[in-house]
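Engineer: Pasting a structure here, questions to come.
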Amino acid sequence: MAVGHSARDTFRNLYQSGVEMSQKPFSIGVRIEHPQSMINESQYGSGRESSELGAADYKLSYRCKNGRGLYTFCMCPGGYVIGAASHAGHVVTNGMSYHDRGSALANSALLVDVRTEDFSDDHPLSGIDFQEKYEKLAFQAGGSDYRAPAQRVGAFLRGTDSALKEDLKAGGNAEPQVPEDHLQQTYRPGVHWTELSSCLPDFAVEAMKEALPQMGRKLKGFDREDGIMTGVETRSSSPVRINRDETLTGSIQGFYPAGEGAGYAGGIMSAAVDGIKVAEEIIKKYRSF
Ligand SMILES: Cc1cc2nc3c(=O)[nH]c(=O)nc-3n(C[C@H](O)[C@H](O)[C@H](O)COP(=O)(O)OP(=O)(O)OC[C@H]3O[C@@H](n4cnc5c(N)ncnc54)[C@H](O)[C@@H]3O)c2cc1C
């Protein structure tokens, strides 16, 4: 059974049927967008190579004073921020690039680690409740119409009401009013400019405020004033693990949980490899028949 990390109905049904599961740490954050030309220049330099090497990527990480790890994930060169919610009344971001990596903006998830101690209790499915809380807050902060809440990096870092007003003036809440000299965000159906701190845990806001300027020292312009942050990113991995024994069987005989939803993978390759490992165990067991 490889149902992915968003099959919340299935996780709940399995739990009620007595399948053993445990909590699992995961991550929360936002998508951050910058001009692809800025990333190219930072990675390649300003020479001719920049236009010949194709859209550049990056990977950044930082350890915050509060002990939280912060990292970029699923960087999409020349890409788009897209909606990835699986439930009504939730907003979730993700990212993708088309084959030509041709959009003017680069995006990446900017994630802070979420620990099981952050969950409200020790119920195995509490991580899902945690995800849902912030996905619902993002829906509300986005205007309750499936736009995503967004804020410019400068306004986020200043974190004051006046910064929010500047942001609203610059971006406008009714599209399309973004002045031409501002980056045009790619999320559809659009964004609502607001305070992202209203739909993120305090520890994540604190960590991002500390890390962004540091990341800007590693990749010039990463903390630029008009970078666009869109929230919330909650589905980089599963918040629950379906327990398996050494033969990769779940707590019910003949039941093989696999892939990202079972909590043993994060991303296409590791999910595929986990599927192969489970298939090998099944072959081993039933070969003699
Ligand atoms: C927009 C986007 C971009 C991504 N980009 C990348 C990337 O560039 N690189 C990368 O490594 N990863 C990326 N990922 C993550 C990657 O897609 C997942 O890590 C991977 O697909 C997990 O594989 P999986 O087989 O475990 O689960 P999934 O691919 O989620 O498959 C689960 C399947 O189970 C089905 N299912 C669920 N419930 C039931 C049910 N009750 N009955 C029957 N079927 C059911 C679902 O419909 C789905 O087809 C991206 C994800 C998204 C959303």
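The values are calculated or read from the model by the stated rules, or taken from the named source; none is laboratory data. For clarity, every value in this text was computed on a predicted model and none was experimentally measured. Using ideal geometry, Cβ is built from the backbone for each residue, glycine included, and neighbour counts are taken over all protein chains shown.
Engineer: Looking at S103, S86, which is the one that is in the same structural domain as G29 (by TED's automatic domain parsing), away from the ligand (no atom under 11 Å from the Cβ) and either within 21 Å of S27 (Cα to Cα) or out of contact with any Pro (no Cβ under 8 Å at 6 or more places or on another chain) (or both)?
Structural biologist: Exactly one residue qualifies, and that residue is S103.
Engineer: Of the numbered conditions (1) outside the structural domain of A150 (by TED's automatic domain parsing); (2) surrounded by fewer than 17 Cβ atoms within 10 Å (Cβ to Cβ); (3) touching a helix residue (DSSP H, G or I) at 6+ places or on another chain (Cβ under 6 Å); (4) not acidic (D, E), G259 satisfies every one except a single condition; which is it?
Structural biologist: (2)
Engineer: Which one of G18, G4 is near the ligand (Cβ under 10 Å from one of its atoms) and either surrounded by fewer than 18 Cβ atoms within 10 Å (Cβ to Cβ) or assigned to a helix (DSSP H, G or I) (or both)?
Structural biologist: When all the criteria are applied, what remains is G4.
Engineer: Hey, can you tell me all the residues within the range 256-289 that are of a type in the set (S, T, Y), within 16 Å of the ligand (Cβ to nearest atom) and not in a helix (DSSP H, G or I)?
Structural biologist: Matches in the range 256-289: Y256, Y264.
Residues checked against (1) out of contact with any helix residue (DSSP H, G or I) (no Cβ under 9 Å at 6 or more places or on another chain); (2) closer than 30 Å to D122 by Cα; (3) within 14 Å of the ligand (Cβ to nearest atom):
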position: T10; (1), (2), (3): yes, yes, yes
position: M38; (1), (2), (3): yes, no, no
position: Y58; (1), (2), (3): no, no, no
position: T72; (1), (2), (3): no, yes, yes
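Engineer: Quick one: N243 ticks every box in (1) within 17 Å of the chain's Cα centre (by Cα); (2) surrounded by 15 or more Cβ atoms within 10 Å (Cβ to Cβ) except a single one, so which number is it?
Structural biologist: Checking N243 against (1) within 17 Å of the chain's Cα centre (by Cα); (2) surrounded by 15 or more Cβ atoms within 10 Å (Cβ to Cβ), the one that fails is (1).
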